[in-house]
Amino acid sequence: MPELPEVETVRQGLMPHLLHQRVLAVTLRQEQLRWPVPRSIIQSLPDETLVAIDRRGKYLLFQTEKGTLIAHLGMSGQLRIVTKEVKPEKHDHLDIIFYNDKVLRFTDPRRFGSILWTEDCPHQHPLLIKIGPEPLTDEFDAEYLQQASSRRYTAVKAFIMNSEIVAGIGNIYANESLFHAGIDPQTSCHTLSLEQCKKLVVAIKDVLVHAIKQGGTTLKDFTSAEGKPGYFAQKLYVYGRANQPCLVCQSVLRQFQLNRRSTVYCPTCQV
Ligand SMILES: [Zn+2]
């Protein structure tokens, strides 16, 4: 499942191809995604110019003067640039064709992704309005995190994966951030000190920034027919490394399920 760095990489990859480009036509082949794709985009988008491509959490916002196309990749969604000559395949549900001959193609075998349209402020959309601060902004700091955690009794890992607390952190980067902050994933939120919140905020920002930087190196494949940014070949310290030695202290990493998600941690480094 794409997390914030993957979505940000997609955004950065699409920008040079699509920003300030005008839509020629929309081809919708499959409306039944997580929510029905509004057919109105077939009429609304042509002749509109993309004035911005923004991201909020794991949502991409394709902004025009008239309204905003909101896209979420779900479990298996991909957005890529192809030329008109590239024939659509089975799971290619939507093409947005631009006057510059580029086609933005949405592919999603499992169809948990979404494509929505709003002519109001996208940040007021029901799916976006409750999303917490962006982790890479100054709004997300230790004071905020401590205040948000002080009366909660959930495990800190579930807490940072809650998009109402902070946007866009999924299982991989939650595991990694807690390792770098030296915090046991099961720690109850209300016990977190300001010092621990500081370490956690720094770790989350570092892990995400590093992942986005790594993602940049995959952009060269972005326009190839099979190009998908996928997960980056970055160094993961705990995720996917259960029962292997900790890269810092050599203790054997432990794994358990927390809210049905694989959780890996070092019993020595994380307390
Ligand atoms: Zn360790």
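FYI, it's all coordinate maths here, none of it is from the lab. All values reported here derive from a predicted model rather than from experimental measurement. A quick note on method: Cβ atoms are made from the backbone with ideal geometry, for glycine too, and the neighbour counts reach across all protein chains shown.
Is it fair to say residue 148 is free of Cβ contacts under 8 Å to residues at least 60 places away in the same chain, outside any loop (DSSP other than H, G, I, E, B) and small (Gly, Ala, Ser)?
Working: free of Cβ contacts under 8 Å to residues at least 60 places away in the same chain: yes; outside any loop (DSSP other than H, G, I, E, B): yes; small (Gly, Ala, Ser): yes.
Yes.
If a residue has to be free of Cβ contacts under 8 Å to residues at least 40 places away in the same chain and either within 15 Å of residue 80 (Cα to Cα) or in a helix (DSSP H, G or I) (or both) to count, how many in segment 12-28 make the cut?
Quick first cut of segment 12-28, residues free of Cβ contacts under 8 Å to residues at least 40 places away in the same chain only: 15-16, 19-20.
Now drop any that are not either within 15 Å of residue 80 (Cα to Cα) or in a helix (DSSP H, G or I) (or both), which leaves 15-16, 19.
Final tally of qualifying residues: 3.
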Note on residue 66: of the conditions (1) within 21 Å of residue 3 (Cβ to Cβ); (2) not in a strand (DSSP E or B), unmet is (1)
Please enumerate the residues belonging to segment 134-166 that are under 19 Å from residue 2 (Cα atoms) and out of contact with any helix residue (DSSP H, G or I) (no Cβ under 7 Å at 6 or more places or on another chain).
134, 158, 162, 163, 164
Checking the structure you have, find out if any residue of segment 55-66 is among the small types (Gly, Ala, Ser), in contact (Cβ under 8 Å) with a residue 24 or more places away in the chain, over 22 Å from residue 28 (Cβ atoms) and buried (at least 17 other Cβ atoms within 10 Å of the Cβ).
yes
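Restricting attention to segment 254-268, which residues are among the hydrophobic types (A, V, I, L, M, F, W, C), within 15 Å of the ligand (Cβ to nearest atom) and in a strand (DSSP E or B)? Before you say what the answer is, go through the steps one by one.
Here is the first cut: in segment 254-268, the ones among the hydrophobic types (A, V, I, L, M, F, W, C) are 256, 258, 264, 266.
Going one step further and asking which of them are within 15 Å of the ligand (Cβ to nearest atom), we end up with 264, 266.
Across segment 254-268, the qualifying residue is only 264.
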For segment 96-110, name all the residues that are surrounded by 20 or more Cβ atoms within 10 Å (Cβ to Cβ) and charged (D, E, K, R).
105, 108
Filter segment 111-133 down to the residues that are out of contact with any helix residue (DSSP H, G or I) (no Cβ under 6 Å at 6 or more places or on another chain), among the hydrophobic types (A, V, I, L, M, F, W, C) and in a strand (DSSP E or B), then identify the one that is surrounded by the most Cβ atoms within 10 Å (Cβ to Cβ).
115
Of all residues making up segment 174-194, the number that are touching a residue at least 12 places away in the same chain (Cβ under 8 Å), outside any loop (DSSP other than H, G, I, E, B) and either within 17 Å of residue 147 (Cβ to Cβ) or aliphatic (A, V, I, L, M) (or both)
7
